[in-house]
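The values are calculated or read from the model by the stated rules, or taken from the named source; none is laboratory data. Values in this document were obtained by computation on a predicted structure and should not be read as measured data. Heads up, the Cβs are rebuilt from the backbone with ideal geometry, glycines too, and the neighbour counts pull from every protein chain shown. Side chains included, ligands, DNA and RNA excluded: accessible areas come from the protein's heavy atoms. Shrake-Rupley method; radii C 1.70, N 1.55, O 1.52, S 1.80 Å.
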Amino acid sequence: MSDVLDKLAVILEARKAAAEDSSYVASLHAKGLNKILEKVGEEATETILAAKDAEVSGDCTDVVYETADLWFHSLVMLSHLGETHEAVLQELARRFDMSGLEEKASRQNN
């Protein structure tokens, strides 16, 4: 499935340079980082609410949908900052041989 991320990265990068009125992503880039961060925060909140609803209902349809929105806007943020999804995947891979407690402790030392 990483090919989905690769394809999306190509599209996001192309949209960075596109005219503001040509796409949603281009309009976000034109509005700047604060607008992109606002969208990330909005999608994070919607994901949390959907997860709480899913726990009660047993239906995860909305939480999957909202998580996709959250990931999408996070990828727009990374693109805006000149970073890629590969950097995030590399960081996750680096953590495989480390317990969560070790990883958290290593961040406190930095």
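Some notes on this structure:
- Average accessible surface area per residue within the chain, 1.4 Å rolling probe, Å²: 70 Å²
- Descending semi-axes in whole angstrom, ellipsoid equivalent of segment 41-105, from the Cα gyration tensor: 25, 19, 10
- Candidate aspartates and glutamates - alpha carbon under 14 Å from LYS31, same-chain residues fewer than 8 apart omitted: GLU20, ASP21
- Across segment 14-24, computed HN-Hα scalar couplings (Karplus, 6.51 cos²θ - 1.76 cosθ + 1.60, θ = phi - 60°) run 5, 6, 4, 9, 7, 5, 3, 8, 8, 7, 4 Hz from first to last residue, x flagging Gly and Pro.
- Alpha-carbon gyration tensor eigenvalues x 5, square-rooted, for the chain, Å: 26, 21, 14
- Spacing of the modelled spin labels on LEU5 and ALA18, each 7 Å from Cα toward Cβ, amounts to 2.2 nm.
- Rolling a 1.4 Å probe over the protein heavy atoms of the chain, with every protein chain left in place, gives an accessible area that is 58 percent carbon and sulfur.
- Lysines whose Cα lies under 29 Å from that of LYS35, excluding same-chain neighbours fewer than 8 positions away: LYS7, LYS16, LYS52
- Dipole magnitude of segment 1-80 about its Cα centre (Cβ charges: Lys, Arg +1; Asp, Glu -1), debye to nearest 20: 420 debye
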